[in-house]
Amino acid sequence: MSVRPSTFLPPFDAAEFVAEPSAPPGERIDVGTLVVGAGPAGLAAAIRLAQLLEANPGVKERLGDVPIAVLEKGKSVGSHLLSGAVVNPRALWRLFPGMHTEDIPFYGPVEREGVYFLTPNHAVRIPAPPTMWNHGNHVASLSRLGRWLAEKAEELGVTIVTETAAQKLLVNGGRVVGVRTGDRGRGRDGGPLARFEPGSDMLARATILAEGTQGHLAGVAMERFGLARGPQTYALGVKEVWEVARPLHRVIHTMGWPLAGGRKYREFGGSFIYPMGEGMVSIGFVAGLDYTDASFSVHDVLQELKLHPFVEGILKGGKRIAWGAKTIPEGGFLSFPERFHMPGAMIAGDSAGFVNVPALKGIHYAILSGTLAAEAAFEAVRPGRTAWEPGALASYDRALRQSYIWKDLKRVRNMRPAFRYGFVRGALLAGAALNSLGKFPPKDLSIERDSDAELFLGNRDRAYPNADGQLFFDKLSSVYLSGNQTRDDAPNHIRVETKVRREVAEAWVRMCPAHVYEIKGDASPAGNVVEVEVTPSNCVQCGAITAKGGRLTPPEGGDGPQYTLT
Ligand SMILES: Cc1cc2nc3c(=O)[nH]c(=O)nc-3n(C[C@H](O)[C@H](O)[C@H](O)COP(=O)(O)OP(=O)(O)OC[C@H]3O[C@@H](n4cnc5c(N)ncnc54)[C@H](O)[C@@H]3O)c2cc1C
Ligand code: SF4
């Protein structure tokens, strides 16, 4: 018996998150330009705008006391940043002409790399597909890189406001005029506590939405302005950082085991193992969320991967020092919206879907798209112009179309959907798509929402190793290591139906890397409706529940993980 999670979507109306500005002039916050999200896209946008304003004081003056403000929901910049990460530096060279690699907090260049096909006991080295060539790229912690970018932005006079979630899109007369930040200090029932602080209306001449994966306001904006064309799809990545006894001197990617190869399972993904200098290693597993076996869990597949002698050998004698999880938009070119701008606002980075899945790369696209959005915003706020004139921000779309973001993502557009047909057929189709520079197949493959993939209740969990606190870990110890600071009595920010078919409930329990969901009472057989219990304070805001039938909304600013090394 199978069932789709989309049968149990919770009520969600984007209009609930769109409002007209209502604060009286004395209480609202006026800024020149506003960036939502201090990730690589948002910080690059802020830095580029600041560079342009520095060179054009007349325009800067027009933007008031706070020409550029960045809102970040994490406790500090980097708290919610997580990536692999092997970084292609080309967008950084454009943003910081003349800068040297040694000035950027990288762990080192990629000098050697290997791609392996795993069977349960063997690791067979295979030729790296061109999308996975990383020579010339650099290993980084995105959380650390984000903190460095924030320093650069602040040196240029950018105001970064942390612990503040942008909750609503402010729209007036058909144009985006800013955002409303979320309230802080509400109790579980929504009532104000003693330390209650209401949110504020922040009004800006131009707004850049750079919220990363599952962008809350980016999604609301796409719906409000009718921009979405097709569904977006996602993968979930779970990673750990280890102190290791022996240095790793190469970048490793694996495919194959522990994923099931059959078409029935639709399991797509693999692992990355990156050296972070001599003493640390970043290890993670990424898997598409269109899988069909409800007992599949990326957190536990990463633990299972460590059973392999090849992987165990790298970690042996080491210690896990950081953990985190986040989704990756996978739809790429085929999920692009109609436009990336609307009157008064633009969408950049992961929120726009700029990720090259076969290469596992999004950071340089985020930085470049933020940079291009800033350049469009700058032109639109010059004296005599406004960002809400029809077409004022269209130069952003034009610049994107001429950039390598467009060219790269168009070329690989059919590679990810090809794997819907199982590993072997998918690999053949994807290879043909790549070798033909994107001309094959003649007609683009279709994509469907992850929540539309039919689920069945398998027994994949039998293979997951038991936690020993040394090599293998359970979800609660992982959440603890993430430094999660969500208040136990905070309002519930996760919308899910709580009475669902057992397959769906089981899929949520297994999928969530932070142990947020439990099935109440005795587990009934597949097909029966069961009750799901939700512990939102465990949530690390990875976004997977939105892909698989629920909806994550921004929790109170400052809540969530406190990543520093991910
Ligand atoms: C496991 C994993 C491995 C990856 N490996 C690589 C790799 O090796 N190389 C590579 O190039 N790419 C990699 N990527 C992809 C890359 O990390 C992303 O493409 C990139 O981080 C996107 O940048 P961004 O600025 O768009 O979003 P993000 O990095 O997600 O930053 C968005 C920021 O906005 C904040 N925010 C969101 N909503 C709000 C709101 N409403 N109010 C206030 N703040 C908000 C968030 O807290 C966050 O700090 C990987 C991703 C994952 C998950
Ligand atoms: S509840 Fe939070 S941590 Fe769990 S899947 Fe959803 S977003 Fe991720």
Within the stretch 152-165, count every residue that is outside any loop (DSSP other than H, G, I, E, B), farther than 28 Å from residue 490 by Cβ and aliphatic (A, V, I, L, M). 1
Out of the stretch 166-223, which residues are modelled with pLDDT of 95 or more, within 16 Å of ligand 2 (Cβ to nearest atom) and either in a strand (DSSP E or B) or at positive phi (or both)? 212
Considering residues of the stretch 268-288 that are part of a loop (DSSP other than H, G, I, E, B) and touching a residue at least 60 places away in the same chain (Cβ under 8 Å) only, the residue farthest from residue 313 (Cα to Cα): 268
Output the number of the condition that residue 480 fails; it satisfies all remaining conditions of (1) hydroxyl-bearing (Ser, Thr, Tyr); (2) in a helix (DSSP H, G or I); (3) within 16 Å of ligand 1 (Cβ to nearest atom). (3)
Hey, could you check the stretch 24-35 for residues that are closer than 14 Å to residue 160 by Cβ and either free of Cβ contacts under 8 Å to residues at least 40 places away in the same chain or touching a helix residue (DSSP H, G or I) at 6+ places or on another chain (Cβ under 6 Å) (or both) and say which is surrounded by the fewest Cβ atoms within 10 Å (Cβ to Cβ)? 33
Scan the stretch 11-20 and tell me whether some residue there is touching a Ser or Thr at 6+ places or on another chain (Cβ under 6 Å) and closer than 25 Å to residue 485 by Cβ. no
Of the candidates 223, 197, the one satisfying the condition of being in contact with a Lys or Arg (Cβ under 6 Å, 6 or more places away or on another chain), of a type outside the set (Phe, Trp, Tyr) and either under 30 Å from residue 376 (Cβ atoms) or surrounded by fewer than 24 Cβ atoms within 10 Å (Cβ to Cβ) (or both) is 197
Can you tell me which residue among 557, 549 is within 13 Å of ligand 2 (Cβ to nearest atom) and buried (at least 23 other Cβ atoms within 10 Å of the Cβ)? 549
Can you run down the residue pairs with Cβ atoms below 8 Å, 6 or more apart or on separate chains, where the first is in the stretch 541-554 and within 13 Å of residue 216 (Cβ to Cβ) and the partner is within 9 Å of ligand 1 (Cβ to nearest atom) and in a helix (DSSP H, G or I)? 552/216; 553/216; 554/216
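Evaluate the stretch 262-272: report whether one residue or more is among the basic types (Lys, Arg), modelled with pLDDT of 95 or more and farther than 25 Å from residue 27 by Cα.
There is no residue in the stretch 262-272 that is among the basic types (Lys, Arg), modelled with pLDDT of 95 or more and farther than 25 Å from residue 27 by Cα.
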Here are 79, 141: which of them is hydroxyl-bearing (Ser, Thr, Tyr) and away from ligand 2 (no atom under 16 Å from the Cβ)? 141
Among the residues of the stretch 464-491, write down those that are surrounded by fewer than 16 Cβ atoms within 10 Å (Cβ to Cβ) and either under 28 Å from residue 184 (Cα atoms) or in contact with a helix residue (DSSP H, G or I) (Cβ under 8 Å, 6 or more places away or on another chain) (or both). 465, 469, 476, 477, 480, 485, 488, 489
If you take just the helices (runs of 4 or more DSSP H) that sit entirely in the stretch 337-436, which of them hold at least 1 residues that are aromatic (Phe, Trp, Tyr)? 363-380, 394-402, 404-411, 423-435
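What are the residues in the stretch 81-94 that are more than 22 Å from the chain's Cα centre (by Cα) and in contact (Cβ under 8 Å) with a residue 12 or more places away in the chain, if any?
The one that is more than 22 Å from the chain's Cα centre (by Cα) and in contact (Cβ under 8 Å) with a residue 12 or more places away in the chain: 94.
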Taking residue 50, is it in contact with a helix residue (DSSP H, G or I) (Cβ under 9 Å, 6 or more places away or on another chain), within 10 Å of ligand 1 (Cβ to nearest atom) and either over 21 Å from residue 211 (Cβ atoms) or part of a helix (DSSP H, G or I) (or both)? no
Checked the stretch 492-539 for anything part of a loop (DSSP other than H, G, I, E, B), more than 10 Å from ligand 2 (Cβ to nearest atom), in contact with a helix residue (DSSP H, G or I) (Cβ under 6 Å, 6 or more places away or on another chain) and not polar (S, T, N, Q); matches are 497, 526
If you check 286, 251, 244, which single one turns out to be hydrophobic (A, V, I, L, M, F, W, C) and over 16 Å from residue 83 (Cβ atoms)? 244
Among (1) within 12 Å of ligand 1 (Cβ to nearest atom); (2) within 20 Å of residue 110 (Cα to Cα), where does residue 314 come up short? (1)
Every residue in the stretch 390-422 that is of a type in the set (Phe, Trp, Tyr) and crowded, with 19+ Cβ neighbours inside 10 Å, please. 396, 419
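Any residue that is in a loop (DSSP other than H, G, I, E, B), of a type in the set (Gly, Ala, Ser) and more than 16 Å from ligand 1 (Cβ to nearest atom) - is there at least one of those in the stretch 540-558?
Yes, because at least one residue in the stretch 540-558 is in a loop (DSSP other than H, G, I, E, B), of a type in the set (Gly, Ala, Ser) and more than 16 Å from ligand 1 (Cβ to nearest atom).
State yes or no: is residue 532 aliphatic (A, V, I, L, M), touching a residue at least 60 places away in the same chain (Cβ under 8 Å) and more than 16 Å from ligand 1 (Cβ to nearest atom)?
In short, no.
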What residue, of 236, 149, 145, is touching a strand residue (DSSP E or B) at 6+ places or on another chain (Cβ under 9 Å), crowded, with 17+ Cβ neighbours inside 10 Å, touching a residue at least 60 places away in the same chain (Cβ under 8 Å) and not in a strand (DSSP E or B)? 145
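The values are calculated or read from the model by the stated rules, or taken from the named source; none is laboratory data. The model shown is predicted, which means the values in this text are computed figures rather than measured ones. Heads up, the Cβs are rebuilt from the backbone with ideal geometry, glycines too, and the neighbour counts pull from every protein chain shown.
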